[in-house]
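*Asks:* If you scroll down you'll find the structure; I have some questions about it.
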Amino acid sequence: MNSKQMRYITRNPRALMEFQTTGRLPRMKRLDSPLIRLLEQYTPRQRMQMRGVRLHPDLGYQTGMQFHTGEQLYRWVKPSAEVLECENIPAESYRNKRFNRELTEDDLRKHCASLPEGGR
């Protein structure tokens, strides 16, 4: 049991009752999308140098939100390494779940005001 699961159980009576009766903990999941995988290829410093990144259906998200830096975008689409399965992540409601095309740096460049020199 990790701290997120413990916190969820202590703040949610239904989850506590389920844990006491069945012994099952809330499940954890890893967030994944083609955009997350592309952003993870860059270092945090390189993501900070990405400026004016705008989400677009070409990137697998049904919104036109704009982020000041690539790091800010990365923290929005993947707030932590693992999240509770029942946790509401705003980025997941905008994600096109059927989008599975691998993204490249050129795809990101089209929706970025500036990318760091030198690439990955």
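*Asks:* How many of the residues in segment 78-120 are open to solvent by less than 30 Å² (accessible area, probe 1.4 Å) and among the hydrophobic types (A, V, I, L, M, F, W, C)?
*Replies:* Here the count works out to 8.
*Asks:* Now, a different point. Only one of these conditions is not met by Ile9: (1) touching a Leu at 6+ places or on another chain (Cβ under 6 Å); (2) in a helix (DSSP H, G or I); (3) open to solvent by 20 Å² or more (accessible area, probe 1.4 Å). Which number is it?
*Replies:* Here Ile9 clears every test but (3).
*Asks:* Shifting gears a bit: Could you check how many residues of segment 12-39 are part of a helix (DSSP H, G or I), more than 23 Å from Glu105 (Cβ to Cβ) and not charged (D, E, K, R)?
*Replies:* Counting residues in segment 12-39 that are part of a helix (DSSP H, G or I), more than 23 Å from Glu105 (Cβ to Cβ) and not charged (D, E, K, R) gives 8.
*Asks:* Moving on to the next point. Just for segment 40-70: of the residues that are assigned to a strand (DSSP E or B) and of a type in the set (Val, Ile, Thr), which one is surrounded by the fewest Cβ atoms within 10 Å (Cβ to Cβ)?
*Replies:* Of everything passing the filter in segment 40-70, Thr69 is surrounded by the fewest Cβ atoms within 10 Å (Cβ to Cβ).
*Asks:* Can you give me the number of residues within segment 71-81 that are part of a loop (DSSP other than H, G, I, E, B) and either within 19 Å of Arg101 (Cα to Cα) or small (Gly, Ala, Ser) (or both)?
*Replies:* Total meeting the criteria: 3.
Yes/no matrix, rows are residues, columns are (1) among the basic types (Lys, Arg); (2) within 30 Å of Met1 (Cβ to Cβ):
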{"residue": "Thr21", "(1), (2)": "no, yes"}
{"residue": "Gly52", "(1), (2)": "no, no"}
{"residue": "Cys86", "(1), (2)": "no, yes"}
{"residue": "Arg95", "(1), (2)": "yes, yes"}
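*Asks:* Filter segment 89-117 for residues that are among the polar types (S, T, N, Q) and free of Cβ contacts under 8 Å to residues at least 24 places away in the same chain and give the result.
*Replies:* Ser93
*Asks:* If you scan segment 12-28, which residues turn out to be surrounded by 12 or more Cβ atoms within 10 Å (Cβ to Cβ) and either of a type in the set (Lys, Arg) or closer than 20 Å to Glu82 by Cβ (or both)?
*Replies:* Asn12, Ala15, Glu18, Phe19, Leu25, Pro26, Met28 - these are the residues of segment 12-28 that are surrounded by 12 or more Cβ atoms within 10 Å (Cβ to Cβ) and either of a type in the set (Lys, Arg) or closer than 20 Å to Glu82 by Cβ (or both).
*Asks:* Which of the numbered conditions does Arg75 fail, given that it passes all the others? Conditions: (1) closer than 30 Å to Met1 by Cβ; (2) open to solvent by less than 20 Å² (accessible area, probe 1.4 Å).
*Replies:* (2)
*Asks:* Among the numbered criteria (1) of a type in the set (Lys, Arg); (2) out of contact with any Leu (no Cβ under 8 Å at 6 or more places or on another chain); (3) closer than 22 Å to Leu115 by Cα, which one does Arg30 miss?
*Replies:* Among (1) of a type in the set (Lys, Arg); (2) out of contact with any Leu (no Cβ under 8 Å at 6 or more places or on another chain); (3) closer than 22 Å to Leu115 by Cα, the lone unmet condition for Arg30 is (3).
The values are calculated or read from the model by the stated rules, or taken from the named source; none is laboratory data. Owing to the predicted nature of the structure, the values given are computational and were not obtained by experimental measurement. For neighbour counting, all protein chains shown are included, and Cβ atoms are generated from backbone atoms with ideal geometry for every residue, glycine included. In case anyone asks, the SASA skips ligands and DNA or RNA and just uses the protein heavy atoms, side chains included. Shrake-Rupley method; radii C 1.70, N 1.55, O 1.52, S 1.80 Å.
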